[in-house]
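The values are calculated or read from the model by the stated rules, or taken from the named source; none is laboratory data. From a predicted model like this one, the values you see are computed outputs, not experimental measurements. With ideal geometry, Cβ positions are generated from the backbone for all residues, glycine too; neighbour counts draw on all protein chains shown. Protein only, heavy atoms only, side chains kept; ligands, DNA and RNA dropped before computing areas. Shrake-Rupley method; radii C 1.70, N 1.55, O 1.52, S 1.80 Å.
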Amino acid sequence: MQYYSTEQKAPAASLQQAVVQGLAEDRGLYMPERIPTFPADWIRRLPEMSFVEIGQEVAAAFFGEDIPRAELDRIVAETLSFDCPAVPVEEGIYSLELFHGPTLAFKDVGARFMARLLGHFTQEGNVNVLVATSGDTGSAVANGFLGVPGTHVFVLYPRGRVSPVQEAQFATLGQNITALEVDGSFDDCQALVKAAFLDPDLRGALRLTSANSINVARFLPQSFYYFHGYAQLARLGKADRLVVCVPSGNLGNLCAALVAARMGLPVHRFIAANNRNDVFFQYLQTGSYVPALSLRTLANAMDVGNPSNFARILNLYDHNWLKIRKDISGAVVGDGTILTTIRECYEETGYLLDPHGACGYRALKDGLREGETGLFCETAHPAKFQETVSRATGADVPLPDRLAAFLTGSKQSVPLSATFPAFKTYLLSYALR
Ligand SMILES: *Cc1c(COP(=O)(O)O)cnc(C)c1O
């Protein structure tokens, strides 16, 4: 399978090139040259398949020509070592819990898959992984790569804008993980990473790759979730007229859901839930895309003012706004509503949402129509946002052991100004050769 750039000004790449390079030379994002489709009777068999079996089949559809099947099956099985249950919240609404991985947030699957795929491709020679994070990406990638020989991960994060628990998950690890605490916003971090890939000196001196959701190896495996979510609802006889609601920031997860539908998964329609950072919502309303500076919200992993994967969505729909609107509707959930939603949902159903899941649940509940079943992604464990969740509900949210363990480590971040020369100098001295 070949991968082409969404900007269409760079040559097509092999899977290995697309994964190692991350971003195409023309600053576009790689997309598979075609979206494989499953026949209807394969879809009918989904309820009998496990998460791992589903992941293996979906992965083989994309990567089967490029990686021996036994190796790919092993990579998927190692990646999906935890479940993603669809939990009933109330009549007609299910929560697809994507937070049972090592860092208790949904990016674990993409990060673990990518680390193993990169391990497969870079058996000869060291590679430096750059990742900008607004919170959860950094921890998922850092933990996905921790101790993987021949790799060094640099996590760039905005100072003071990630929660203490999030920070502890990537800034205390040591070994082959370096946390860079940037004096700026998430968008600044993302801009530094993008600039590094385009810098001829760095490209000449170092092998650099990206682990942001722009990497095909991170974004595509997220489609496993949707097949598995559908399979669970189909088992209950609840998969007809299924509405999938995705709390969205950089739009990687939504894009993976759209890819799953394009592969043949019967999803009736999608809802993209934004927080106050509503660039995508505005696009759905008006047809014009106007990037903005990111605003801080309670759902901070969705604080993205210029979502990278928008380019992939445009691409998937031939830049046709009407077609996009036919499949996806949008919603905006402000901080006040996040708090009342967490409280009301807890009081009425006993289900504890995190601020990101709260955006999804709210948008779904408000948007669901007669005869539809709703499935929203719960993207982080509520304990990762203890303070907000306790403020909303008055309930104690105990830290799971896995999270508490991170907090016992000491912070080892390196402070960095948000200017490219400073970042470049740092990398030239400290990156793996
Ligand atoms: C990354 C993240 C999101 C947003 O996902 P995108 O793929 O960037 O749209 C939502 N919730 C949580 C907890 C996240 O970590």
Open item on the list: Where the second residue is within 12 Å of the ligand (Cβ to nearest atom) and open to solvent by less than 10 Å² (accessible area, probe 1.4 Å) and the first is free of Cβ contacts under 8 Å to residues at least 40 places away in the same chain and lies in the stretch 102-117, which pairs have Cβ atoms under 6 Å and are six or more apart or on separate chains?
Closed with: 108/101; 108/140
Task: Of residues in the stretch 119-145 being assigned to a loop (DSSP other than H, G, I, E, B) and more than 16 Å from the chain's Cα centre (by Cα), the one nearest to the ligand (Cβ to nearest atom) - done: 122
- [ ] List the strands (runs of 3 or more DSSP E) that sit entirely inside the stretch 323-433 and contain at least 3 residues that are closer than 30 Å to residue 179 by Cβ and away from the ligand (no atom under 16 Å from the Cβ).
- [x] 414-417
TODO: Within the stretch 194-226, work out how many residues are in a helix (DSSP H, G or I) and under 30 Å from residue 64 (Cβ atoms).
DONE: 12
Task: Flag for residue 26 being within 16 Å of the ligand (Cβ to nearest atom), charged (D, E, K, R) and either more than 19 Å from residue 264 (Cα to Cα) or in a loop (DSSP other than H, G, I, E, B) (or both) - done: no
Open item on the list: Looking for something under 14 Å from the mean Cα position of the chain (by Cα) and over 30 Å from residue 195 (Cα atoms) - is there at least one such residue anywhere in the stretch 59-79?
Closed with: no
- [ ] Could you please give the count of residues in the stretch 147-187 that are buried (at least 19 other Cβ atoms within 10 Å of the Cβ) and in a helix (DSSP H, G or I)?
- [x] 9
- [ ] For the stretch 242-277, enumerate the residues that are more than 22 Å from residue 218 (Cα to Cα), β-branched (Val, Ile, Thr) and within 12 Å of the ligand (Cβ to nearest atom).
- [x] none
TODO: Give the number of residues within the stretch 242-264 that are in a loop (DSSP other than H, G, I, E, B), in contact (Cβ under 8 Å) with a residue 60 or more places away in the chain and over 15 Å from residue 57 (Cα atoms).
DONE: 2
- [ ] Could you please tell me which pairs satisfy a Cβ distance under 6 Å, a separation of 6+ or placement on different chains, a first residue in the stretch 277-298 that is within 17 Å of residue 319 (Cβ to Cβ), and a second residue that is among the aliphatic types (A, V, I, L, M) and outside any helix (DSSP H, G or I)?
- [x] 279/292; 280/272
Open item on the list: If I filter the stretch 36-43 for residues that are under 15 Å from residue 227 (Cα atoms), free of Cβ contacts under 8 Å to residues at least 12 places away in the same chain and not in a strand (DSSP E or B), do I get at least one hit?
Closed with: yes
TODO: Return yes when residue 118 is over 22 Å from residue 251 (Cα atoms), modelled with pLDDT under 95 and surrounded by 21 or more Cβ atoms within 10 Å (Cβ to Cβ) and no when it is not.
DONE: yes
Task: the stretch 199-224, residues that are touching a residue at least 60 places away in the same chain (Cβ under 8 Å) and farther than 19 Å from residue 31 by Cα - done: 199, 201, 202, 205, 206, 207, 208
TODO: Quickly run through the stretch 124-147 and pick out the residues that are within 22 Å of residue 203 (Cβ to Cβ) and touching a residue at least 12 places away in the same chain (Cβ under 8 Å).
DONE: 125, 126, 127, 128, 129, 130, 131, 132, 141, 145
TODO: Take the stretch 159-185 and flag every residue that is closer than 21 Å to residue 302 by Cβ and either of a type in the set (S, T, N, Q) or in contact with a Gly (Cβ under 6 Å, 6 or more places away or on another chain) (or both).
DONE: 162, 163, 166, 169, 170, 185
Task: Scan of the stretch 406-427 for residues that are of a type outside the set (Lys, Arg) and either on the phi > 0 side of the Ramachandran plot or open to solvent by less than 60 Å² (accessible area, probe 1.4 Å) (or both), ordered by number - done: 406, 409, 413, 414, 416, 417, 418, 420, 422, 423, 426, 427
TODO: Can you confirm whether the stretch 101-113 contains a residue that is open to solvent by 10 Å² or more (accessible area, probe 1.4 Å), within 13 Å of the ligand (Cβ to nearest atom) and closer than 21 Å to residue 220 by Cβ?
DONE: yes
- [ ] Look through the stretch 188-230, keep the residues that are within 16 Å of the ligand (Cβ to nearest atom) and over 24 Å from residue 300 (Cα atoms), and return whichever of them is surrounded by the most Cβ atoms within 10 Å (Cβ to Cβ).
- [x] 229
Task: Qualifying position, being more than 21 Å from residue 385 (Cα to Cα), assigned to a loop (DSSP other than H, G, I, E, B), away from the ligand (no atom under 16 Å from the Cβ) and more than 16 Å from the chain's Cα centre (by Cα), among 239, 234 - done: 239
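Residue-by-condition table, conditions (1) crowded, with 18+ Cβ neighbours inside 10 Å; (2) free of Cβ contacts under 8 Å to residues at least 40 places away in the same chain; (3) on the phi > 0 side of the Ramachandran plot; (4) not β-branched (Val, Ile, Thr):
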residue: 322; (1), (2), (3), (4): no, yes, no, yes
residue: 331; (1), (2), (3), (4): yes, no, no, yes
residue: 360; (1), (2), (3), (4): yes, no, no, yes
residue: 365; (1), (2), (3), (4): yes, no, no, yes
residue: 372; (1), (2), (3), (4): no, no, no, yes
residue: 377; (1), (2), (3), (4): yes, no, no, yes
- [ ] Could you check how many residues of the stretch 74-87 are surrounded by fewer than 19 Cβ atoms within 10 Å (Cβ to Cβ) and either over 15 Å from residue 245 (Cβ atoms) or within 13 Å of the ligand (Cβ to nearest atom) (or both)?
- [x] 7
